[in-house]
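Scroll down for the structure; my scribbles are underneath it.
The values are calculated or read from the model by the stated rules, or taken from the named source; none is laboratory data. Nothing here was measured: the structure is a model prediction, and the numbers come from that model. Quick reminder, even Gly has a Cβ in these numbers, built from the backbone with ideal geometry, and neighbours come from all protein chains shown. When the accessible area is computed, the model is the full protein with side chains, heavy atoms only, and any ligands, DNA or RNA have been set aside. Shrake-Rupley method; radii C 1.70, N 1.55, O 1.52, S 1.80 Å.
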Amino acid sequence: MKEDHLQEEMIICRCQEVTEAEVRQAIDQGCRSLKGIKNRTEAMMGLCQGRTCRRLIERMLSESPQQMPVTQSYRPPVRTLTLNTLAEAEEGGENAC
Amino acid sequence: MHADVVIVGGGVIGNAVAFYCARAGMSVILIEQQDILNGTSSACDTAIHLQSKNPGIHLAMALNSIKKYPALQKEFDVDIHFTITGTMLAIQREEQWEVMKSFADRQKAAGLNVSLLDPAQTLAKQPAMKGAELVGSTYCDQDATIHPQNLTKAYCFGAMKHGAKYLLYTKIRSFRIEDNCITGVDTDQGMISCRWVVNAGGVFAPFIGKMMGLDIPIVPRRGQILVTEPVPKLTNTIVNCAKYIAAKFRPDLLGNSVEDRLGIGLSLTQTERGNLLLGGTREFVGYNTRTTRQAMVLIAKHGTAIIPALKQINIIRSFAGLRPYTPDSLPIISTVPELKGLVIAAGHEGDGLALSAVTGEIVSEMIAGKPLSSGIDLSQLSLARFSREDIDRFYHKYAIA
Ligand SMILES: Cc1cc2nc3c(=O)[nH]c(=O)nc-3n(C[C@H](O)[C@H](O)[C@H](O)COP(=O)(O)OP(=O)(O)OC[C@H]3O[C@@H](n4cnc5c(N)ncnc54)[C@H](O)[C@@H]3O)c2cc1C
Ligand code: FES
């Protein structure tokens, strides 16, 4: 009993304070993709952008009966930078990224 | 499987329609090719905006919709964070002042509470603008913000509570059409017979239309947004600028600079967690949802020029979403004479959150054959308002290889 309770309260995404139970609930509601978990729970959207929690969530998804292939891209910036630094940066061309 | 109503698309619009139909007692199945929130409804800002709406049916729909959220907030099991914040539209140049004044005058006549503020009044309301060169602003105290993902989830869970079924990660193979009437949807989860199909596919609505032999004039209009680290309350209101309004409604009035071609216009909101969402662009680049360095730099330049207090704040990510854009920027909420049993509810451009509640209500009343409680004139939202030539010209103009 006590252990179950601890599981429920366990935080899986520290940056966003999303619990394992919240991720479990999303999976139970039919979510089978990382993108879906992100949209439903806001996990993986914090300061570290999922570097800490993504692996754990991938594992939960892969253990669920109807798993999907995992495809999710990382978006820039990979390091944080201030708006001022960005505002003073070179624009680059139409297709620079 | 059988349902009164099959809804295609699990964005904010499809889920709002599911909620209103299920609550009215209809049996509902919603089909989504991925998970709910797969499209634009999770790649957007948080504004329930009135001041960015054109006086007329556009503003009337937004006014009707915004009145519904406080009651929905009480009814929903999910917290949608509906908060009345007001909006400030910053005016940077003399020549914008008259245009914004007449826009504000027309909005006032339509019942919106808009006032013109001089630079001192602007700064008093928005200290984060200290140091910016502004000629003033317009301000409306009725606009609100909302949690976009939670809004869609709230409609979804509410619909499920009223018995709606969701088929996620489901592929539609074809629509069953008999005697010019849609009678079913064939999916990889089986055949669903139904009386109504609602196309709520957002920017994908034209592809769903094609499967029924219909041309629906919607193209994607990309918006890029920067997200900052959480910071203490920086803004008391939503902030936009005069250029944002021009980019939204009159891109033809913009010049030929890189900024103007990307449709750069300021949008700034702050979430409950404290993250700032700083935008944005309005670009026609097909179904490309990448962010670009060029736009990110220009968004940062424009944003920090109007709100210098942003300068020392870190950004942690960026994203882009596709607004479903129609030739006149109004959504298509329409039945189709040549195809009975079909309702289109798509093309809400940058207003889908704001207009979701009124759209859900309208579609459920159309299907029930009831007079519309909103009194909205559906002819202005019909697919038939576009002629064959309008549609061809539109696709030609935005044709993307
Ligand atoms: C940068 C940006 C900022 C914005 N800010 C705001 C704002 O502040 N306020 C506001 O009101 N609006 C805003 N918007 C606009 C708003 O996000 C959209 O109008 C709204 O999300 C559109 O919702 P939708 O349900 O029509 O489309 P979507 O959310 O795209 O949903 C369509 C769904 O249909 C599914 N689908 C498509 N084809 C099929 C198929 N064949 N079978 C099954 N499923 C299918 C897709 O997977 C998708 O989930 C913004 C948009 C952008 C891009
Ligand atoms: S731990 Fe989840 S985003 Fe950082």
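What residues have an amide H closer than 5 Å to that of B:VAL135, excluding those fewer than 5 places away on the same chain, when H is modeled at 1.01 Å from N in the peptide plane?
Correct list: B:ILE91, B:GLN92, B:ARG93.
If the chain between B:TYR287 and B:VAL231 were fully stretched, how many nm would it gain, using 0.36 nm times the residue separation less the Cα-Cα distance?
Gain on stretching B:TYR287 to B:VAL231: 16.9 nm.
Taking the alpha-carbon centroid of each part, what is the distance from the stretch B:86-145 to the stretch B:250-326 in angstrom?
The stretch B:86-145 and the stretch B:250-326 have Cα centres spaced 20 Å from each other.
Per residue of the stretch B:314-331, what does 6.51 cos²θ - 1.76 cosθ + 1.60 with θ = phi - 60° give for ³J(HN,Hα)? Whole Hz please, x for Gly and Pro, Karplus curve as stated.
For the stretch B:314-331, the Karplus curve yields 7, 8, 10, 6, 9, 8, 9, x, 10, 7, x, 9, 10, x, 10, 6, 9, x Hz.
Report Rg (one decimal) and Dmax (nearest whole number) for the stretch B:172-325, counting Cα atoms only, units Å.
Cα radius of gyration and Dmax of the stretch B:172-325 are 20.3, 64 Å respectively.
Please give, to one decimal in nm, the separation of the simple spin-label points placed at B:ASN256 and B:SER115, each 7 Å out from Cα toward the Cβ.
Output for this residue pair reads 4.3 nm.
How big, on average over all directions, is the shadow cast by the Cα convex hull of the protein assembly as shown, in nm²?
Average of the hull's projected areas for the protein assembly as shown equals 23.4 nm².
Rounded to a whole number, what % of the accessible area of the stretch B:178-265 do carbon and sulfur atoms account for, probe 1.4 Å?
Carbon plus sulfur share of accessible area: 52 percent.
Which far-off residues, 5 or more places away or on another chain, put their amide H under 5 Å from the one on B:ASN275, with H placed in the peptide plane?
HN-HN under 5 Å from B:ASN275: B:VAL231.
From the phi angles alone, apply the Karplus equation (6.51, -1.76, 1.60; θ = phi - 60°) to the stretch B:175-184 and give each ³J(HN,Hα) in whole Hz, x where the residue is Gly or Pro.
9, 8, 10, 10, 6, 6, 9, 6, 10, x
Excluding residues fewer than 8 places away in the same chain, name every one of the lysines whose C-alpha is closer than 20 Å to that of B:LYS340.
Hits, sequence-local ones excluded: B:LYS210, B:LYS370.
How big, in percent, is the set of alpha carbon pairs in chain B lying more than 29 Å apart?
Above the 29 Å cut-off, chain B has 42 percent of its Cα pairs.
With r as the distance between the Cβ atoms of A:ALA89 and B:LYS74 and R0 = 30 Å, compute the FRET efficiency 1/(1 + (r/R0)^6) and round to 0.05.
Calculated value: 0.05.
For the protein assembly as shown, what does -39500 (n - 2.57) per DSSP helix run (n ≥ 4), summed and divided by total residues, give at 222 nm, in deg cm²/dmol to the nearest 500?
-10000 deg cm²/dmol
Please work out the Kirkwood hydrodynamic radius for the stretch B:38-151, using every pair of different C-alpha atoms, and report it in angstroms with one decimal place.
15.4
Roughly what would the spin-label model give for B:LYS67 and B:HIS396, points 7 Å off Cα along C-beta, in nm?
Placing both labels 7 Å beyond Cα along the Cβ direction yields 4.3 nm.
Quick check: net charge around B:PHE284, other residues with Cβ under 9 Å of its Cβ, Lys/Arg +1 and Asp/Glu -1?
Taking every other residue near B:PHE284 into account, the sum is +3.
Under a plain spin-label model, where a point goes 7 Å from the Cα along Cα-to-Cβ, how far apart in nm are B:ASN314 and B:ASP141?
Label-label distance for B:ASN314 and B:ASP141, simple model: 3.8 nm.
What does the net charge come to around B:PRO217 if you take all other residues with beta carbon closer than 15 Å to its beta carbon, with K and R at +1 and D and E at -1?
Value of the local net charge: +1.
Give, as a single signed number, the net charge of other residues whose beta carbon lies under 13 Å from the beta carbon of B:LEU116, with Lys and Arg counted +1 and Asp and Glu -1.
After counting each charged neighbour, the total is 0.
Extension gain B:SER174-B:SER373, at 0.36 nm per residue separation less the Cα-Cα distance, in nm?
So the extension gain works out to 68.3 nm.
Roughly how many Å² is the accessible area per residue of the protein assembly as shown, as a whole number, for a 1.4 Å probe?
Per-residue accessible area for the protein assembly as shown comes out at 42 Å².
Which residues of the stretch A:21-36 bury at least 30 Å² of accessible area once all protein chains are present, versus their chain alone (1.4 Å probe)?
SASA drop of 30 Å² or more in the stretch A:21-36: A:GLN29, A:ARG32, A:LYS35.
Mind grabbing the interface size between A and B? I mean buried accessible area, both sides, 1.4 Å probe, in Å² to the nearest hundred.
Rounded to the nearest hundred, the buried surface is 3600 Å².
Among the listed pairs B:LYS233/B:LYS311; B:LYS125/B:LYS248; A:LYS35/B:LYS153; B:LYS68/B:LYS153, which have their C-alpha atoms separated by more than 22 angstrom in this model?
Checking Cα-Cα distances, B:LYS125/B:LYS248 exceed 22 Å.
Once amide H atoms are built 1.01 Å from N in the peptide plane, which residues 5 or more positions from B:ARG323, or in another chain, come under 5 Å H to H?
B:ARG221, B:ARG222, B:GLY223
In sequence order, what are the phi-derived ³J(HN,Hα) couplings for the stretch B:116-124 according to the Karplus relation 6.51 cos²θ - 1.76 cosθ + 1.60 with θ = phi - 60°, rounded to whole Hz, with x for glycine and proline?
Rounded to whole hertz, the list is 9, 10, 7, x, 5, 5, 4, 5, 4.
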